[in-house]
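These notes are about the structure you will find just below.
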Amino acid sequence: MDEVIKKEPKVNMVKKPKKLADPIKASIDESTQEMILRAQDLGIETVFDRAENMKPCNIGVQGTCCKNCGMGPCRLPLPKSGIGEEDDRKGLCGASANTIAARNFIRMIAGGAAAHSDHGRGVAEIFMSAARKETDAYRIKDKNKLLSIAPYFNVDTTVEVDGEKLDRDIDEIALEVGEKALHEWGKPEGELMYLKRAPAALYEKWKKNGVLPRNIDREIVEIMHRTHIGVDQDYKNLIKQGTRTAIADGWGGSMMATDLQDVLFGTPYPLQSEANLGVMKEDHVNIVIHGHEPILSEMIVATAQTKEMEDYAKSKGAKGIQLSGICCTANEILQRHGVPLCGTFLQQELAIITGACDAMVVDIQCIFQNVANVARCFHTKLITTHPIAKMEQDNVIHIEFDEHYAMEDAKKIIKIAIDNFENRGSDVMIPTHKAPQIAGFGVEAIQYHLGGTFRGSYYTLNDNIINGRIRGVAGVVGCNNARTRHNEGHIAVVKELLKNDVIVLTTGCNGIACAMEGLLTPESASVFCGPGLAEVCETVGIPPVLHVGSCVDNSRILLAATEMVKAGGLGNDISDLPVAGSAPEWMSEKAISIGHYFVTAGVYTVFGVTLPTSGAPVFQKYIFEEFEKLYGGMWDLEVDPIKHAKKMIAHIDKKREALGIDRARERIMVDMATRREMESV
Ligand code: XCC
Ligand code: SF4
């Protein structure tokens with residue numbers, strides 16, 4: 001027996017020691033670097049280490065691996081020697097590289113649009129219970145917003161009584177808006193009602209190209225059907241359905257999510273707060289909220305502020321309750337309540353590794369399953385709350401959130417966190433870094449700050465673009481991606497744009513990255529902006545990077561662009577505007593859907609990292625180049641952040657030239673230079 005045990009292990013049984021991430025190479029953020037090191041000291045693995053040990057599949061990266069049937073996966077990488085005369089790569093069924101890449105791409109759009117739109121549906125359902133007064137927790141908070149969206153649903157806001165026009169009962173309006181909105185997901189005929197919010201020229205373009213979405217669910221289902229083996233095998237026709245679905249996301253599910261959330265929880269206005277892991281407090285009960293929907297987090301914010309909960313926390317030896325957020329739930333409660341941002345997508349494990357996270361409460365989207373493994377190494381309670389988002393690990397607590405008992409559920413969750421405070425180990429280490437920020441720039445707030453109430457429009461913004469102080473507008477959004485240095489692309493792209501007088505609208509994890517870097521403060525204008533943009537920001541008192549919210553709030557960027565078209569002087573469609581889009585560190589399917597609805601709204605949109613189209617050059621050329629003729633916008637990929645920003649600026653300049661406003665900028669730059677010279681004399 002002994003001999004058997006003593007037998008030498010076989011060579012292939014020796015485990016290769018796992019590689020550890022180099023913290024400096026993994027992130028530009030000091031607190032992130034500190035926490036990666038700490039995790040490694042404690043022997044806890046994070047996404048940064050996993051990225052070292054697992055390389056992405058080279059064929060998947062190219063977008064040319066098909067597993068849509070059981071004869072596959074069929075893998076069609078670009079041949080090392082290049083594609084010869086004819087690209088004769090094909091799967092077993094004969095599917096070409098273009099077909100496979102296009103199918104994969106639009107399945108990503110389906111995934112992204114489904115995530116946004118199902119989130120929107122959830123909000124619409126809560127909205128209905130609020131309108132029906134079935135719940136005390138939710139009510140119609142922002143009546144003005146409700147009145148402003150009602151006309152798009154063909155809901156009257158006035159009634160005629162004896163020939164006199166009177167205001168209609170607000171509850172009646174809410175009910176009808178809620179019903180009409182919910183219909184948008186599955187109505188049997190017609191087209192989405194919000195499409196008419198787009199500039200008329202854009203709507204006509206969509207109509208001409210045959211991509212007006214009918215209802216949200218149908219477009220997503222049709223993608224799944226068309227990409228089944230042996231259905232649609234023409235990349236142009238496939239991406240056409242991708243377009244229809246992305247529009248249903250941007251101008252449908254996402255836009256309704258944003259609007260109905262604003263009505264229920266309030267339209268954001270600028271608020272001061274802070275960002276980064278340093279917002280957690282050692283002497284407080286720390287509750288980190290992570291995910292995407294504000295439905296639960298709104299209740300947690302409201303409940304945590306009650307005296308009952310504060311007192312309870314004190315009775316357990318804490319000084320109070322510190323809420324903070326990760327990912328877009330964070331952005332939601334930041335923009336409406338000023339709750340600080342704890343971190344980006346890539347910092348979720350690190351928040352627990354502080355040892356000070358008493359509970360992490362998650363809902364849907366972007367939640368690593370590994371947070372459960374990390375939580376197990378500490379006292380942290382990990383609480384899942386959504387019926388469609390559970391985890392297999394047995395240390396995870398599931399408290400299904402029911403809107404009819406919203407306050408009770410929120411209380412239960414907060415109590416678990418408070419009761420857990422005393423279980424904290426001595427191993428607490430909260431990084432000290434945090435940055436001040438101002439967030440909460442919805443379409444309305446931008447109008448107020450930049451447009452002025454006098455003109456009641458985006459005229460002042462347009463005016464500053466026309467006179468050249470502002471060169472253009474960029475929407476820089478999206479995730480973090482462990483395949484690239486955390487926040488490096490985000491910050492480099494944004495800073496390069498600011499330096500060149502391009503004002504930035506941000507959402508999602510780019511917003512969090514900018515907040516952490518201190519770019520969301522008015523003071524940063526004089527440090528990072530070119531003279532023109534700095535002057536505008538200083539005069540108006542706004543940050544040069546405007547945080548407009550969460551992932552679904554990318555719809556706010558569509559509407560801001562529409563307002564610019566309406567305000568006049570910059571052409572008659574979004575594609576005429578000197579604007580560009582960017583997602584320097586994207587990773588989610590939602591980002592692909594967002595990118596595609598930006599592109600098909602007429603915006604030149606550049607992604608960083610990689611795009612799963614590189615293995616199908618013909619398809620890629622179609623969406624990178626030919627698309628401009630169809631929609632005025634097109635995709636691009638640029639890994640180098642400076643080149644990435646320069647490409648956006650070049651596009652902005654191309655649009656300025658087409659509008660005949662390129663000269664104005666030269667004049668104003670000369671003016672400013674002479675003035676500076678005079679001042680310095
Ligand atoms: Fe998720 Fe919205 Fe991406 Fe961040 S940015 S990683 S999707 S949290 Ni929208
Ligand atoms: Fe292969 Fe065609 Fe099946 Fe895809 S659908 S796995 S290309 S046989």
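The values are calculated or read from the model by the stated rules, or taken from the named source; none is laboratory data. As the structure is a computational prediction, the values presented were derived from the model and not from experiment. For neighbour counting, all protein chains shown are included, and Cβ atoms are generated from backbone atoms with ideal geometry for every residue, glycine included. The accessibility values were calculated without ligands, DNA or RNA, using every heavy atom of the protein model including side chains. Shrake-Rupley method; radii C 1.70, N 1.55, O 1.52, S 1.80 Å.
Observations on the model:
- Where a residue in segment 604-626 is farther than 15 Å from T64 by Cβ and its partner, wherever it lies, is in a helix (DSSP H, G or I) and open to solvent by 30 Å² or more (accessible area, probe 1.4 Å), with Cβ under 6 Å and at least six apart: V606/K647
- Within segment 51-79, residues that are within 16 Å of ligand 1 (Cβ to nearest atom) sit with their Cβ atoms under 7 Å from residues that are part of a loop (DSSP other than H, G, I, E, B), at 6+ positions apart or across chains, in these pairs: A51/A21; A51/A482; A51/R483.
- Condition check for G266: at positive phi and touching a Lys or Arg at 6+ places or on another chain (Cβ under 7 Å): yes
- Being farther than 30 Å from D29 by Cα and within 27 Å of the chain's Cα centre (by Cα) is a description that applies to H386.
- Boolean, G82 is near ligand 2 (Cβ under 10 Å from one of its atoms) and without any contact (Cβ under 8 Å) to a residue 60 or more places away in the chain: no
- Looking across segment 491-503, the residues that are open to solvent by less than 10 Å² (accessible area, probe 1.4 Å) and either touching a Ser or Thr at 6+ places or on another chain (Cβ under 9 Å) or of a type in the set (K, R) (or both) come down to V493, V494, L497, L498.
- Among (1) within 16 Å of ligand 2 (Cβ to nearest atom); (2) open to solvent by 50 Å² or more (accessible area, probe 1.4 Å); (3) not in a helix (DSSP H, G or I), the one test that G94 misses: (2)
- Residue check for A330: closer than 21 Å to F441 by Cβ and either in contact with a helix residue (DSSP H, G or I) (Cβ under 8 Å, 6 or more places away or on another chain) or modelled with pLDDT under 95 (or both): yes
- Of the criteria (1) polar (S, T, N, Q); (2) under 20 Å from A591 (Cβ atoms); (3) more than 16 Å from ligand 1 (Cβ to nearest atom), which one Q437 fails: (2)
- Test: residue in segment 17-24 that is modelled with pLDDT of 95 or more and surrounded by 18 or more Cβ atoms within 10 Å (Cβ to Cβ): yes
- Count of segment 200-232 residues which are open to solvent by 10 Å² or more (accessible area, probe 1.4 Å) and either within 16 Å of ligand 1 (Cβ to nearest atom) or farther than 18 Å from D118 by Cβ (or both): 17
- First in segment 308-327 and of a type in the set (S, T, Y), second anywhere and assigned to a helix (DSSP H, G or I), Cβ under 6 Å, 6 or more apart: Y312/I418; S324/V279
- Among helices (runs of 4 or more DSSP H) entirely within segment 178-269, having at least 2 residues that are under 22 Å from the mean Cα position of the chain (by Cα) singles out 216-226, 235-248, 254-265.
- Inside segment 462-490, residues that are within 18 Å of the chain's Cα centre (by Cα), surrounded by 24 or more Cβ atoms within 10 Å (Cβ to Cβ) and either assigned to a helix (DSSP H, G or I) or acidic (D, E) (or both) make up a count of 2.
- Of everything in segment 58-107 that is of a type in the set (S, T, N, Q) and touching a helix residue (DSSP H, G or I) at 6+ places or on another chain (Cβ under 9 Å), the residue that is farthest from Q620 (Cα to Cα) is N68.
- Any hit, segment 528-548, residues being within 13 Å of ligand 1 (Cβ to nearest atom) and either open to solvent by 10 Å² or more (accessible area, probe 1.4 Å) or modelled with pLDDT of 95 or more (or both): yes
- Residues that are small (G, A, S), out of contact with any Asp or Glu (no Cβ under 6 Å at 6 or more places or on another chain) and assigned to a helix (DSSP H, G or I) are absent from segment 639-647.
- All of D262, D162 fail the test of being more than 18 Å from I106 (Cα to Cα) and at pLDDT below 95, apart from D162.
- Flag if I430 is within 16 Å of ligand 1 (Cβ to nearest atom), open to solvent by 30 Å² or more (accessible area, probe 1.4 Å) and in contact (Cβ under 8 Å) with a residue 24 or more places away in the chain: no
- Taking the conditions (1) assigned to a helix (DSSP H, G or I); (2) within 15 Å of ligand 2 (Cβ to nearest atom); (3) under 27 Å from the mean Cα position of the chain (by Cα) in turn, A114 satisfies each one other than (2).
- Of all residues in segment 83-97, none are at pLDDT 95 or above, more than 16 Å from ligand 1 (Cβ to nearest atom), under 29 Å from the mean Cα position of the chain (by Cα) and under 27 Å from R244 (Cα atoms).
- Residue list for segment 632-646, restricted to those being surrounded by fewer than 18 Cβ atoms within 10 Å (Cβ to Cβ), among the charged types (D, E, K, R) and in contact (Cβ under 8 Å) with a residue 12 or more places away in the chain: K646
- Some residue of segment 126-135 being farther than 18 Å from V177 by Cβ and either away from ligand 2 (no atom under 12 Å from the Cβ) or not in a loop (DSSP other than H, G, I, E, B) (or both): no
- The residue that is nearest to ligand 1 (Cβ to nearest atom), counting only those in segment 557-591 that are open to solvent by 10 Å² or more (accessible area, probe 1.4 Å), charged (D, E, K, R) and under 16 Å from P199 (Cα atoms), is E563.
- Those strands (runs of 3 or more DSSP E) lying entirely in segment 307-406 with at least 1 residues open to solvent by 10 Å² or more (accessible area, probe 1.4 Å): 321-326, 381-384, 396-398
- Test for D88: is it open to solvent by 50 Å² or more (accessible area, probe 1.4 Å) and either within 13 Å of ligand 2 (Cβ to nearest atom) or part of a helix (DSSP H, G or I) (or both): no
Residue-wise test of (1) over 18 Å from the mean Cα position of the chain (by Cα); (2) assigned to a loop (DSSP other than H, G, I, E, B).
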position: V565; (1), (2): yes, no
position: G569; (1), (2): yes, yes
position: S582; (1), (2): no, no
position: I592; (1), (2): no, no
position: T605; (1), (2): no, no
